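Below is one structure, written out as structure tokens; comments come after it.
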Amino acid sequence: MRLRFGMVGGGGGDIGHVHIRGSRLDDMCDLTAGCFSRNKNRNAETAKKWGIEDTSRIYPDYKTMVEAESKIPPDDRLHFIVIVTPNNTHYEISKAFMEKGFHIFCEKPLAMTVEEGEELARIAKENGLLFGLAHAFSGYAMIRQIREMIENGDIGNINFINIEYPEEWLALALQDENYAKTLWRLDPDIVGPALTTADIGTHSEHLIKAATGLVPKRVMAKLDRIPSNLKVDSNACIIVDYGKGITGLIWVSQVAIGHGCDLKLRVFGDKGAVEWELQDAGKLKVTKLGGPPMYYSANSPYLYPESRRISRTNPSNPEGQFEAFGNLYRSFCEILSAKIKGYEPDTFVYPTVEDGVEGMKFVKACLQSDANNNIWVNVFD
Ligand SMILES: NC(=O)c1ccc[n+]([C@@H]2O[C@H](COP(=O)([O-])OP(=O)(O)OC[C@H]3O[C@@H](n4cnc5c(N)ncnc54)[C@H](O)[C@@H]3O)[C@@H](O)[C@H]2O)c1
């Protein structure tokens, strides 16, 4: 079954095109409508670039799109909406489309607050709608490999997890004061109460869950504004208590000079350890206690089938971002098709609105911890 989707946002330079390319990898869905930008020319140019032939389905704003698209008969109606706008709009746009019965695939962070996130989760649940969230690192085949290894006891009982995620883009952007003034990510009204903790802190928190199955119980966080005149955090150190004696240490930064998306995950168990780096995503370092470091390569015959079946590379070739997004779209489309046709899907699970609520609670607890002399704060009530 081919699915039809519409997009809101994506007329900018960053993540919209990654969604569109990722959605096309498995050729299961078509971009049919959109409001890519509130700028008329950019909206039209983006629609043309991605081949939307019916110009009546290009809209000046999302409200017009909701109204018009909800009147389209089922045979031609959109199945789902992809939302790739700045953070402060995720809630209102998702809500408006869900209220008309559209399934959603949204960018992270899910919303500005836990309350908004929970309302979205409730609306999705009450209306039987899918709500996918673009925590795309969970789509990497080697992350599935780690999950399978942990579930099969290959590294024993987990005792410590470390994520470091340094980027330098903000330090570079701040060099030009006038440019920095145009960045929505520095405006708390648009980005939310946290920048780096919500942006790549939620990615880190979700990546640990995707790789290990662990959910944070408490956090102790120190959020830094570097430079100090920022209105939001740009660097954060977060100690996470996962219970059962398992501690996580997360460092995220967007002012780390010399680093560009240098995400690294390490998981230690009592029988071994695994280490994965985004910059070399098709490789996994595995060390069994007392043994030498070994390097597993993507799609190799010795990997678990769950990892191999979402690998698109030839064995030993690197994995990439489009493939990770593609895996999320494949999972979302398979589950949505199964729901529409009424059969049980057989697929790995994409991050959902509940993961987004968890991310919002994680950020809220970090902000509370930071504001109260870095005390322990429970993530869940
Ligand atoms: N999953 C990831 O790895 C990842 C990576 C980058 C960004 N993101 C997330 O994606 C979202 C967008 O980030 P970006 O970097 O692409 O931003 P961007 O500023 O490059 O693009 C945003 C686009 O949305 C459009 N837009 C804004 N408000 C709109 C509205 N009301 N209606 C229609 N279009 C509107 C803008 O014109 C622009 O084209 C953010 O929430 C961000 O956190 C996720």
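Here are some notes:
- For K71, the lysines whose Cα falls under 27 Å of its own Cα, not counting residues fewer than eight places away in the same chain, are K40, K48, K49, K63, K95, K100, K125, K339, K341.
- Per principal axis, descending, Cα span of the chain in whole Å: 64, 51, 39
- Every Cα-Cα pair of segment 1-61 was included, and the share exceeding 14 Å stands at 50 percent.
- Overall, the ratio between the Cα radius of gyration of segment 172-293 and 2.2 N^0.38 Å, rounded to two decimals, is 1.23.
- Per the Cα gyration tensor, segment 149-204 maps to an equivalent ellipsoid with semi-axes of 36, 13, 7 Å, ordered largest to smallest.
- Dipole of the chain, positive direction: furthest Cα of L174, S228, Y91, with charges on the beta-carbon: Y91
- Among 67-73, 247-253, the order from most to least packed when residues are scored by Cβ within 10 Å on average: 247-253, 67-73
- Positive-end extreme of charge dipole, the chain - chosen from F362, N378, Y62 (charges on Cβ): Y62
- Net dipole in debye of segment 199-269 [+1 Lys, Arg Cβ; -1 Asp, Glu Cβ; about Cα centre; nearest 20]: 220
- Stretching the chain fully between K48 and D26 yields a gain of 5.8 nm (0.36 nm per residue, less the alpha carbon separation).
- Segment 302-378 pair-distance distribution - Cα-Cα, 5 Å bins, rounded %: 3, 13, 14, 14, 13, 12, 10, 10, 7, 3, 0
- Alpha carbon Rg of segment 249-381, scaled by the compact-globule rule 2.2 N^0.38 Å: 1.33
- Entry for segment 43-115 at q = 0.11 Å⁻¹: log10 I(q)/I(0) = -0.29, Debye formula applied to identical alpha-carbon scatterers, no solvent contribution.
- For the chain, the solvent-accessible area of protein heavy atoms averages 44 Å² per residue (probe radius 1.4 Å; ligands and nucleic acids excluded).
- For segment 143-241, the normalised intensity computed at q = 0.10, 0.18, 0.25 Å⁻¹ comes to -0.37, -0.88, -1.35 (log10 of I(q)/I(0), Debye sum over alpha carbons, equal scatterers, no solvent).
- 222 nm mean residue ellipticity, helices alone, for the chain (DSSP H n ≥ 4; -39,500 (n - 2.57); rounded to 500): -10000 deg cm²/dmol
- Highest average first, the peptides 330-340, 257-267 ordered by how many other beta carbon atoms sit within 10 Å of their residues are 330-340, 257-267.
- Volume in Å³ per residue [convex hull over Cα atoms, computed for segment 1-160]: 152
- Dipole size of segment 115-188 about its Cα centre, with +1 on Lys/Arg Cβ and -1 on Asp/Glu Cβ: approximately 240 debye, rounded to the nearest 20.
- Radius of gyration, Dmax [segment 112-160; alpha carbons; angstrom]: 16.2, 41
- Dipole size of the chain about its Cα centre, with +1 on Lys/Arg Cβ and -1 on Asp/Glu Cβ: approximately 400 debye, rounded to the nearest 20.
- Top positive-direction residue, dipole computed over segment 180-284 with Cβ charges, set L195, L284, T212: T212
- Kirkwood hydrodynamic radius over Cα pairs of segment 93-185, then Stokes diffusion coefficient at 37 °C and 0.692 mPa s, in µm²/s: 191
The values are calculated or read from the model by the stated rules, or taken from the named source; none is laboratory data. Quick caveat, the model's predicted, so the values are computed rather than measured. Quick reminder, even Gly has a Cβ in these numbers, built from the backbone with ideal geometry, and neighbours come from all protein chains shown. Surface accessibility is based on the protein's heavy atoms, side chains included, excluding ligands, DNA and RNA. Shrake-Rupley method; radii C 1.70, N 1.55, O 1.52, S 1.80 Å.
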